[in-house]
1. Can you compute the FRET efficiency between residue 117 and residue 186 using 1/(1 + (r/R0)^6), with r the Cβ-Cβ distance and R0 = 22 Å? Round to the nearest 0.05.
2. For an R0 of 25 angstrom, estimate the FRET efficiency from the Cβ-Cβ distance between residue 137 and residue 93 and round to the nearest 0.05.
3. Quick one: dipole size for the stretch 122-184, taken about the Cα centre, charges +1 on Lys/Arg Cβ and -1 on Asp/Glu Cβ, in debye to the nearest 20.
4. Taking 0.36 nm per residue of sequence separation and subtracting the Cα-Cα distance, how much length would be gained by fully extending the chain between residue 70 and residue 150, in nm to one decimal?
5. May I have the pair-distance distribution P(r) for the stretch 57-189, computed from all Cα-Cα distances with 5 Å bins from 0 and rounded to whole percent?
6. Work through the residues other than residue 134 whose Cβ is under 15 Å from its Cβ and net out their charges, Lys, Arg +1 and Asp, Glu -1.
Amino acid sequence: MSEGAAPRSPRGVLRRLPVAYQLLLLSLLVGIGFVAVLTLATTEVRETAIGGPLYANLREHTVLRRELSELRIGLADIMLVSTEAHLTSDPILLRALQDRVTALNDDISQGFKRLETLSRQHAFHLALAEAQRTWVEFSSVTTTALRALAGDSTAQSSAVLSLQPLRQAQFRRHIAALNETLEQADRELERGVSERVRAFASVARTGRGRPPHRPARSRASARPPRRS
């Protein structure tokens with residue numbers, strides 16, 4: 001190529017190729033596009049189908065919500081048993097209620113461990129740690145108060161016991177915040193799936209292409225020939 005010659009454009013090079021080579025290149029491009037669309041479709045189906053990663057996340061959130069419900073029910077049971085223990089004067093019944101509270105405390109502690117193991121979200125772990133700290137404070141005061149009723153420990157001050165309703169309310173708020181975190185994550189998952197499905201549908205329509213355009217016949221060619 002001489003110094004004054006202009007560089008050849010890719011379109012000009014393609015035009016100089018034989019028709020057979022042009023058809024071959026066009027077939028290769030169509031095949032590559034078809035493979036790309038098929039790969040994208042396979043990936044989307046695997047991720048959004050039952051048993052896929054997105055479905056597994058939704059199942060995980062369902063299990064976490066069930067565990068959170070168990071924590072809330074456990075708190076209500078402990079409050080009920082503690083109230084009954086403060087109202088009874090039977091030492092045998094008091095011991096039985098004290099054992100019941102201990103068992104409920106163990107169940108809730110195991111529930112926190114299961115939640116920590118099941119969840120993979122950092123924000124959920126942080127909120128769970130706050131709820132667990134509140135629960136440890138509430139459980140410790142409740143256990144000590146029941147032991148004092150049975151004569152196994154010294155009575156706590158009224159100031160410490162007066163904070164129990166606040167700890168209960170705070171624990172419920174923590175559980176509600178954890179549920180809200182899961183619901184927000186579910187909404188983001190559903191939104192992401194919808195966007196990916198719409199994007200895939202758009203790519204699929206583009207891959208199918210438009211039907212071939214038929215040029216309109218001119219009026220002159222549409223007229224029948226005149227007879228002489």
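Each value in this text was obtained by applying a stated rule to the coordinates, not by laboratory testing. From a predicted model like this one, the values you see are computed outputs, not experimental measurements. Cβ sites come from the backbone with ideal geometry, for glycine too, and all protein chains shown count toward neighbours.
1. 0.65
2. 0.40
3. Around 140 debye, computed over the stretch 122-184.
4. 26.0 nm
5. Whole-percent P(r) values from 0 Å outward: 2, 10, 20, 21, 16, 12, 9, 6, 3, 2, 0.
6. +3
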